[in-house]
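To keep things clear, I will list the structure first and then write my remarks on it.
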């Protein structure tokens, strides 16, 4: 089970509006139906309010999905929910891009806060 307790934050270096994008190229989880591994990329974009996510903790959090059986949509929404609860950003978007399987590639996007 993915562990949101792994997530750590630090105080935003500026109270002015700015946006951050982090891309994780080696995301893995498991298909809950077949048990086969799913490979993808996670793109996190956000506007911090008071807190920013610490990258090593984010990497460890992403790795906690490695043996988790979940559909793409559930993974994307779980990441959004856990990061939203941890950072409370002004705005956030989590996009997952999944490698093709059976000729189908998928992209899922979940947002929180005001849309850009």
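Using Cα pairs closer than 8 Å and at least 6 residues apart in sequence, work out the relative contact order for the chain, in percent. Relative contact order for the chain comes out at 30 percent. Summed over qualifying helices (DSSP H, 4 residues or more, each -39500 (n - 2.57)) and divided by its residue number, the chain shows a 222 nm mean residue ellipticity of -7000 deg cm²/dmol.
Residue exposure proxy: 75, 30, 23, ordered by other Cβ atoms within 10 angstrom of their Cβ from fewest to most, comes out as 23, 30, 75.
Note on 56, 88: ascending count of other Cβ atoms within 10 Å places them as 56, 88, the fewest first.
Residue order for 108, 20, fewest other beta carbons within 10 angstrom first, comes to 20, 108.
Considering only the range 4-113, what is the antiparallel percent among its DSSP beta bridges, to the nearest 5? Counting DSSP beta bridges with both partners in the range 4-113, the antiparallel share is about 95 percent.
Between 0 and 90 degrees, the angle of helix 72-87 with respect to the longest Cα principal axis of the chain falls at about 20 degrees.
Shape analysis of the range 61-116 places it in the oblate category; the axes a ≥ b ≥ c from the Cα gyration tensor give an a/c of at least 1.5, with a/b not above b/c.
Only the coordinates and a few stated rules stand behind these numbers; no lab work does. Since this is a predicted model, take the numbers as computed values, not measurements. Cβ atoms come from the backbone with ideal geometry, glycine included; neighbour counts cover every protein chain shown.
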